[in-house]
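Read through the structure below, which is laid out as structure tokens, and then see the notes.
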Ligand code: TXA
Ligand code: MG
């Protein structure tokens, strides 16, 4: 049985989290909002809780979890060493949408790290996430709140669709502001390697060091390179409908989508187009969802997963998606879209 706890930040009393925080500590699972996406949390120290997370998501056991903390001090028990570069990143970007990989200490169970000697740690900024972790008194392992392989849950309704009946508590709060999961980085020596792009971008890191690399598996999405972040190798972010990403000059993209849409419609298919505000009235499709304006890529990022799921709710067969520039947070947007389409890309 899943209990829902409604928390309204406008008349917020953190004591409304008390029952959920105690349950977390005692090995139960609690879905909670963060600024990136909702997470399914359990105490790092509870075998049952960790097992329940993997079961609720249907997650492969070789995909490690991110450990969430509520103060920077909590890092020191969980890791063997904090390098000076790690410290700089923590000071600059925590709390916030950045996950850092460290060598783990003995107190972190291998179930959490899927057998790896490293542990991924993040300090979320969201007030509810911070208070919940603090009140539970334990570090909280939390993957994104969705069935494995589906678009991450960014709002209460979609989280409930996937996890009602599978977790102990769901905290109902506002939509996730960023809408894409945190940037994951590995640090070795003085080099930052981005394993998963997110809202903290290459340019942000370059304010700290010029030695920023991107895991080749992110750039060459269709290659056989094995990603260093285990989660990145799985089919991901996939709605039930077929996703086709269309890239090129926007005039050509619009023409191509309309041409393909017409063709598939005559074959009886229900067509969706995921567009930007700039082009949304140029399509001839059954359903068009605009996810935001190209002049503000943050709006695009925040609506992307929500829209993919809305197309499933409408029941379209094919979703044509406009491609975006890979600048800034665009790299994270395109990374998720490339995964969602599973290499199904049309050059217009
Ligand atoms: O924004 C986020 O990071 C959200 C919220 C809830 O905080 N969490 C999240 O967790 O996206 P999840 O489990 O969906 O994604 C974790 C990613 C996976 O790609 C996983 O393989 C990678 O982080 N990861 C975890 N531990 C790792 C490690 N030790 N080394 C390399 N990659 C790791
Ligand atoms: Mg996930």
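Every number here is computed from the coordinates shown, using simple stated rules; none is lab data. None of the values given here were measured: they were computed from a predicted structure. Here Cβ is always computed from backbone atoms with ideal geometry, including for glycine, and neighbour counts include all displayed protein chains.
This table checks each residue for (1) under 19 Å from the mean Cα position of the chain (by Cα); (2) closer than 28 Å to residue 46 by Cα.
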position	(1), (2)
125	yes, yes
148	yes, yes
152	yes, yes
158	yes, yes
190	no, no
193	yes, no
200	yes, no
212	no, no
216	no, no
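Within segment 37-50, is there a residue that is surrounded by fewer than 14 Cβ atoms within 10 Å (Cβ to Cβ) and closer than 21 Å to residue 155 by Cβ?
First, the residues of segment 37-50 that are surrounded by fewer than 14 Cβ atoms within 10 Å (Cβ to Cβ): 47-48.
Narrowing further to those that are closer than 21 Å to residue 155 by Cβ: none.
No; the residues of segment 37-50 include none that is surrounded by fewer than 14 Cβ atoms within 10 Å (Cβ to Cβ) and closer than 21 Å to residue 155 by Cβ.
Residues in segment 181-199 that are buried (at least 22 other Cβ atoms within 10 Å of the Cβ) and more than 16 Å from ligand 2 (Cβ to nearest atom): 185, 192, 194.
For the condition within 16 Å of ligand 2 (Cβ to nearest atom), in contact (Cβ under 8 Å) with a residue 24 or more places away in the chain, surrounded by fewer than 18 Cβ atoms within 10 Å (Cβ to Cβ) and not in a helix (DSSP H, G or I), what is the one hit in 147, 178, 208? It would help to see each step written out before you state the result.
Working: 178 fails: surrounded by fewer than 18 Cβ atoms within 10 Å (Cβ to Cβ); 208 fails: within 16 Å of ligand 2 (Cβ to nearest atom).
None of the other options fit; the residue is 147.
Within segment 51-77, if we keep just the residues that are under 10 Å from residue 140 (Cα atoms) and away from ligand 2 (no atom under 14 Å from the Cβ), the residue that is surrounded by the fewest Cβ atoms within 10 Å (Cβ to Cβ) turns out to be 70.
Condition first: closer than 17 Å to residue 141 by Cβ and not in a helix (DSSP H, G or I). Now tell me which residues in segment 78-97 satisfy that.
Taking segment 78-97 as the starting set, the residues that turn out to be closer than 17 Å to residue 141 by Cβ are 78-79.
Hit for segment 78-97 is 79, nothing else.
Say we look at segment 152-167 and pick out the residues that are part of a loop (DSSP other than H, G, I, E, B) and more than 11 Å from ligand 1 (Cβ to nearest atom); which of these is surrounded by the fewest Cβ atoms within 10 Å (Cβ to Cβ)? Break it down stepwise before answering.
Filtering segment 152-167 down to residues part of a loop (DSSP other than H, G, I, E, B) leaves 152-155, 164-167.
Then drop every residue that is not more than 11 Å from ligand 1 (Cβ to nearest atom), which leaves 155, 164-167.
Working: 155: 20, 164: 13, 165: 8, 166: 18, 167: 25.
The selected residue is 165.
Entry remark, segment 311-331: residues being touching a strand residue (DSSP E or B) at 6+ places or on another chain (Cβ under 8 Å), in a helix (DSSP H, G or I) and closer than 16 Å to residue 276 by Cβ number 1 in total.
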